[in-house]
Every structure is written in C-alpha cells, then in structure tokens.
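None of the figures in this text is laboratory data; all of them are computed from the coordinates on show. Fair warning: this is a prediction, and the values are worked out from it, not measured in the lab. No Cβ is skipped: glycine too gets one built from the backbone with ideal geometry, and neighbour counts run over all protein chains shown.
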Amino acid sequence: MEESIARAAEWLREAHAVVVVTGAGVSAESEIPTFRDSMEALWAEFDPQTLATPEAFEADPETVTKWYDWRRMRCAEAEPNPGHVALARMEREIAKRGGVFTLLTQNVDGLHARAGTHNLVELHGSLRVWRCTVTRKERVPDPEPFPEYPVRTDAGGYLRPGVVWFGESLPERALKVAFGASASCDLFFSVGTSAVVYPAAGFVELAKSAGARCIEVNRDPTPATELVDLALHGKSGEILPRIVDAAFGQSDE
Ligand code: BV8
C-alpha cells in the first residue's frame, strides 16, 4: 500500500486537471450506511433499488417518504470524515498550483459541501432539498422529522426528495459538467463507489479513453478495478489523507 500511496501522490503533484467521483463509501465512516447496506434493521425487508424509484413513490408515498426522511435525519446528524476533508484539501492544493479540480458525487448527504469542497456536482441531487410534485417548487425542510407521511402540499401534491431516482434523468448541467471534466482531466479518482450505476459509473471509462491516469480508492474491488491504473483497497477515510499528505506535506490546517 505504501508504494501505491507514493505513486498516487506523485501523480497528484503532476496533475493539472483532477476529477474525483465519489459514492456512498466515502460517507460510510461518517456513519451513513452505504446504498447497498443502507437497509438496516428498520428497512431490511426493502431493496433500495426498488425504493429509489418514481414507481415506488407513486405506489407507496408513505413508505418512500419515511425512508428518505429517516436518511435525511441521519445525514443531518452526520459529520464529514477525514476522507471528505482530504478531498477538500486536494481541491485547495490543486488550485494553488493553477490546476482544475472537479468533484462529481453520487451522494445526496451534503457532506462534501460541509467539508469545504467548492467545485462540486451533485449528480444524483440532494436530500436537503425537497419539492412539490405538482408545482416542482423546492424548499429546504427544517432539520426535524416530518410531522406526517407522506407530506401533502398546498397544491394538492406531495413533497418528494430532490434526488434522482432510478429511471430519472440526471440534471442537464450536472451531466454537461461531468462529461466535460471527465473527458479533459489528466488524473481521475473513483472513490467509495460500487461503480455499477450509470451514467456515473461510465465517467472512469471516459477519462481512461481520454488518456487520464485513473485511481480507485475503495474498500472492495469493483467493475472499475480492472480499468484503473492504480487500485488502493481500504477505507477512504484512511487512504485519502495519506495520499494528500504524501503529495502536499502534512496538513497544517
Ligand atoms: C439515467 C440517489 C437516463 C437516490 C441513486 C446506462 C445508461 C444510463 C442509465 C442506465 C444504463 N444502464 C442502466 C441504467 C439505469 C440505471 C442504472 O444504472 N441501473 C443500474 C442498477 C444498472 N440508471 C439510472 O436510472 C440513472 N438515470 O441514466 O437517466 C435514463 C432514463 C430512463 C431509463 C434509462 C436511462 C439514474 C441513476 C441514479 C439513481 N439514484 N441515488 C438515493 O440516494 O436514494 S443511485 C445510488 O446507488 C447512489 O447514488 C449511487 O449512484 C448508486 C450506487 O451506490 P454507491 O454510491 O456506489 O454505493 P454502494 O453502496 O453501491 O457502494 C458503496 C461502495 O463503497 C462499495 O463498493 C464498498 O466497497 C465501498 N465502501 C464501503 N465503505 C467504504 C468503502 N470504500 C471506501 N471506504 C469505506 N469506508
């Protein structure tokens, strides 16, 4: 692992345009269950892939609203972990050297922004923002559980989470930035994601074909593992700070 950390740090120092894609694994050390194991006791009988769909919300708005409200509360109680903090420092160090940094997250927990990342694209929306199913008017609900499930709106609709469900298109701007950045970077990180959900899982292939060096930081091997130039398997909250410290010196922040 030492050798891989040193190589990743060297590539980071040489990089001019860095893209990082993150998934639920980067928030696991903030006690936010990952997508695959987010079905803790209360939700064991459901499959997240079926709950995170417009059809599930249509069929059972009460259960889907409850699930997202429970997750929203978990996010509000969570704190960014050293992995989020290391990525925010990576952005600052790259910017200091005149480089470009883009973080594309699949997560809806808001922790990258809270850790200080600026050039952030929330590919799958945000749990913080909810909107009316009739007027599409957005609002940020108070950080306490909803009083009723589902939540009815004055327009006669429901309040739904501002996330992208399976079968829904990603926001135009998010896609444009993500494709553009991935196709023009010289260093690409895939962090804490099972790399199975598209189009997010396709950005590493795009970066690779554009000639970028690709690095995976993930607890387990994924379909991206055989694609990348360097795979570091372990906890992102431990590995990312080591790469950033090795590249830019021990953090004095
Ligand atoms: C779309 C928000 C157009 C909601 C989510 C090809 C092209 C386009 C679409 C498709 C396609 N093929 C199939 C599709 C359809 C579908 C898809 O990809 N399906 C998959 C299952 C095959 N894609 C879509 O529907 C997308 N829409 O493309 O629009 C369209 C329209 C109609 C029809 C077709 C296409 C929308 C996808 C977005 C869905 N919304 N989230 C919510 O959060 O509830 S997806 C959700 O699951 C996450 O956001 C994430 O994207 C995805 C996977 O989760 P991960 O983040 O990777 O987390 P996971 O638990 O899976 O893995 C965690 C990893 O972390 C593990 O590998 C683990 O080892 C690691 N780990 C754990 N702890 C740590 C760690 N690593 C490091 N440190 C640790 N401590």
Exercise for the section: Determine the relative contact order of the stretch 137-221: mean sequence separation of Cα pairs under 8 Å and six or more apart, normalised by residue count, in whole percent. Expected result: 24
Completion exercise
GNM of the chain, Cα pairs under 10 angstrom: of G162, G237, G98, the biggest fluctuation goes to G98
Handout entry: At 1.002 mPa s and 20 °C, Stokes diffusion of the stretch 117-253 via Kirkwood alpha-carbon radius, µm² per second
Key = 122
Problem - Karplus 3J(HN,Hα) series, Hz, for the stretch 108-123 with 6.51 cos²θ - 1.76 cosθ + 1.60 (x for Gly, Pro) - result: 10, 8, x, 6, 4, 5, 5, 7, x, 5, 9, 7, 10, 10, 8, 4
Completion exercise
Relative contact order as a percentage, the stretch 18-156, C-alpha pairs under 8 Å and 6+ apart, gives 26
Handout entry: Centre separation in Å (Cα based) which lies between the stretch 66-139 and the stretch 209-225
Key = 21
Fill in the blank from the handout: Mean separation of Cα contacts under 8 Å (at least 6 apart) over the residue count of the chain, i.e. the relative contact order in percent, is 26
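Stretch S209-R136 to full length: gain in nm at 0.36 nm per residue minus the Cα-Cα span? Write out the running numbers ahead of the final one.
On the way: separation 73, 0.36 × 73 = 26.28 nm, distance 3.80 nm.
Stretched out fully, the S209 to R136 stretch lengthens by 22.5 nm.
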Handout entry: Most mobile of T63, T117, T22 in a GNM of the chain (Cα contacts under 10 Å)
Key = T63
Completion exercise
For the stretch 189-205, Karplus-derived ³J(HN,Hα) couplings (6.51, -1.76, 1.60; θ = phi - 60°; whole Hz; x for glycine and proline) come out as 10, 10, 10, x, 9, 6, 6, 10, 9, 9, x, 4, 5, x, 5, 5, 5
Exercise for the section: Measure off 7 Å from each Cα along the Cα-to-Cβ vector at R13 and T53, then give the distance between these two points in nanometres to one decimal. Expected result: 5.0
Completion exercise
Quick calc, the chain, dipole around Cα centre from Cβ unit charges on Lys, Arg (+) and Asp, Glu (-), nearest 20 debye, gives 780
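Can you figure out the FRET efficiency of E2 with T225, using R₀ = 22 Å and their beta-carbon distance, to the nearest 0.05? Show your work: numbers first, answer last.
Numbers: r = 20 Å, r/R0 = 0.89.
Taking R0 as 22 Å, the efficiency between E2 and T225 is 0.65.
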Problem - lysines with Cα under 22 Å of K66, excluding same-chain neighbours fewer than 8 positions away - result: K137
Problem - Pairwise Cα inverse-distance average, inverted: Kirkwood Rh of the chain (Å) - result: 18.8
Completion exercise
Taking every other residue with Cβ under 15 Å from the Cβ of E3 and scoring Lys and Arg +1, Asp and Glu -1, one gets -1
Practice task
Using a Förster distance of 25 angstrom, determine the FRET efficiency expected from the C-beta separation of Y198 and K176, and round it to 0.05.
Solution key: 0.95
Fill in the blank from the handout: Taking placed amide H atoms and a strict 5 Å upper bound, the residues 5 or more places from A231 or on another chain that come that close are E216
